[in-house]
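The values are calculated or read from the model by the stated rules, or taken from the named source; none is laboratory data. Bear in mind the structure is a predicted one, so any value in this text is a computation, not a measurement. Because the Cβ atoms are built from the backbone with ideal geometry, glycine has one as well, and the counts that use them run over all protein chains shown. Note: areas computed on protein heavy atoms with side chains; ligands, DNA, RNA excluded. Shrake-Rupley method; radii C 1.70, N 1.55, O 1.52, S 1.80 Å.
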Amino acid sequence: MVQDAQSTPTACLALADGTLFYGRGFGATGETVAELCFNTAMTGYQEIMTDPSYAGQVVTFTFPHIGNTGVTPEDDETADPVAEGMVVKWDPTEPSNWRSVDTLSNWLASRGRIAIGGIDTRRLTRAIRQQGAPHVALAHNPDGIFDTDALVAKARAFSGLEGLDLAKDVTCAQSYRWDEKRWAWPDGYTRQENPKHKVVAVDFGAKRNILRCLASAGCDVTVLPASATAEEILAHEPDGVFLSNGPGDPAATGTYAVPMIQGVLKADVPVFGICLGHQMLALALGAKTIKMNHGHHGANHPVKDHDTGKVEITSMNHGFAVDSQTLPEGIVETHVSLFDGSNCGIRIADKPVFSVQHHPEASPGPQDSFYLFEKFADYMAARA
């Protein structure tokens, strides 16, 4: 029997265990191989796809309405999508949003990213939670022809993210200045014209909204590549040093980042890290990191602040975590996940040095944790 064009699958997701999911492809055509994760955010799919922390990963969105608000350049967290691909429940509809300038499918296609719709994302998410983040091959072919044995073989051959230093692939090529502040109605993005603190931000895969939050907190920001040395950072005579988010295995990036951070700590300047930057700081202080079963990816993660007793709803994106059992004496665990008790923050007991696992820039996500940028600014003001 001949299938009609609408019922013929045009995309295939092959897991390394041999499981196959067929659906309708959109975005670019071709194939990609990556680790598969799921994200529970209800909004912000464009920010998620352009988050450098998703390098080497295909993202399954658990919320079914993806693509409905279209895309706009204002919401890009970096120049192009970094996530390898997208898996969704329902095909994107025509966008309904006054800010939209293009469709999600066109945006993905123009940037070489593959997507698949019509997938049972609940079944797929359960598989990820139960078995861990699988290696997958995602293919989009409008003709509906797939060599599934080859796709499964490619998924099995994928090396995975452990041991990979992906920060070097997403960091900036050279240093630059940043003064754009957070978006606010009705003016949109404005400039920081009266900065009070000079900050060097080390780019392990920094999101633009993190830099905007630093600018909004009164910082004059200079961004340096991930490979920057302590000497290069301190040559700018910063009031504080920021360690950004990023992808990959922190232990791999730590081969060059840890000595840098240890050198900065000797200079006794305030230090603030998030996500990969948090993990890098922990490694520099003598702790260890571990690969999580399926990680934390979403904008609804409850985190408890031990210092205040408050619970914050946070945005998260990480597949590795700091092993709190390895924190050395003098390092205080400040935040923990209320989902699984994993570490979400540390500080040095007697120094203005701290970091968190979650994303306080809230792009996408709630703004409960913006105070952390203000805390960093307060530390710098106190030492001025």
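Some points to look at:
- FRET efficiency for A153 and D307, using Cβ-Cβ distance with R0 set to 56 Å, rounded to 0.05: 0.65
- Of the chymotrypsin sites (Phe, Trp or Tyr not before Pro) found in segment 51-135, those that fall in a DSSP loop while having at most 11 other beta-carbon atoms within 10 Å are W98.
- DSSP loop GluC sites (Glu not before Pro) with at most 16 other Cβ within 10 Å excluded, longest remaining stretch of the chain: 1-161
- Sites S110 and D143, calculated FRET efficiency, Cβ-Cβ separation with R0 25 Å, nearest 0.05: 0.70
- Rounded if a/c under 1.5, otherwise prolate or oblate - segment 21-113, Cα gyration tensor axes: rounded
- Each peptide in 201-210, 298-307, 281-290, 131-140 receives the mean, over its residues, of other Cβ atoms within 10 Å, and ordering these scores from highest gives 201-210, 131-140, 281-290, 298-307.
- Residues whose placed amide H lies under 5 Å from that of Y189, excluding near-sequence neighbours: A184
- The per residue volume of the convex hull around the alpha-carbon atoms of the chain is 130 Å³.
- Note that segment 82-99 has calculated 3J(HN,Hα) couplings of 10, 4, 6, x, 9, 10, 9, 6, 10, 4, x, 8, 4, x, 10, 6, 5, 8 Hz, one per residue in order, obtained from phi through the Karplus relation 6.51 cos²θ - 1.76 cosθ + 1.60 (θ = phi - 60°); glycine and proline are x.
- Sites listed here are trypsin sites (Lys or Arg not before Pro) in segment 324-384 whose DSSP assignment is loop and whose Cβ has at most 15 other Cβ atoms within 10 Å: R383.
- Across K291/K375; K196/K304; K181/K266; K181/K375, pairs whose alpha-carbon gap is larger than 21 Å: K291/K375; K196/K304; K181/K266
- Over segment 270-370, the alpha carbon radius of gyration divided by the compact-protein estimate 2.2 N^0.38 Å works out to 0.97.
- P(r) histogram, all alpha-carbon pairs of segment 246-303 included - 5 Å bins from 0, percent: 4, 16, 28, 22, 14, 9, 5, 1
- For D203, nonlocal amide neighbours, meaning residues 5 or more places apart or on other chains whose placed amide H falls under 5 Å from its own, are L224, A226.
- Helical mean residue ellipticity (222 nm; -39500 (n - 2.57) per DSSP H run of 4+; nearest 500) of the chain: -6500 deg cm²/dmol
- For K310, the aspartates and glutamates whose Cα falls under 13 Å of its own Cα, not counting residues fewer than eight places away in the same chain, are D368.
- Helices meeting the span-like rule in the chain (full DSSP H runs, Cα extent of at least 20 Å along the helix axis, mean Kyte-Doolittle score of -1.0 or higher): 250-266.
- Fraction of alpha-carbon pairs over 25 Å apart in segment 114-234 - percent: 53 percent
- Prolate/oblate/rounded call for segment 53-193, Cα gyration tensor, a/c under 1.5 rounded: oblate
- Ordering L15, V332, Q279 by Cα displacement along the dipole of the chain toward the positive end leaves V332 in first place; charges were set at the Cβ atoms of Lys, Arg (+1) and Asp, Glu (-1).
- A convex hull fitted to the Cα coordinates of segment 138-200 yields 215 cubic angstrom per residue.
- Relative packing of 109-121, 145-157, which averages over residues the other C-beta atoms within 10 Å, highest first: 109-121, 145-157
- Length available on full extension from V332 to L234: 0.36 nm per residue minus the Cα-Cα distance, which gives 32.7 nm.
- Split the accessible area of the chain by element, probe 1.4 Å, and carbon with sulfur accounts for 48%.
- Solvent exposure of the chain as accessible area per residue, Å², 1.4 Å probe: 42 Å²
- Summarising the amide proton neighbourhood of M292: residues at separation of 5 or more, or on other chains, whose placed amide H is nearer than 5 Å comprise F320, A321.
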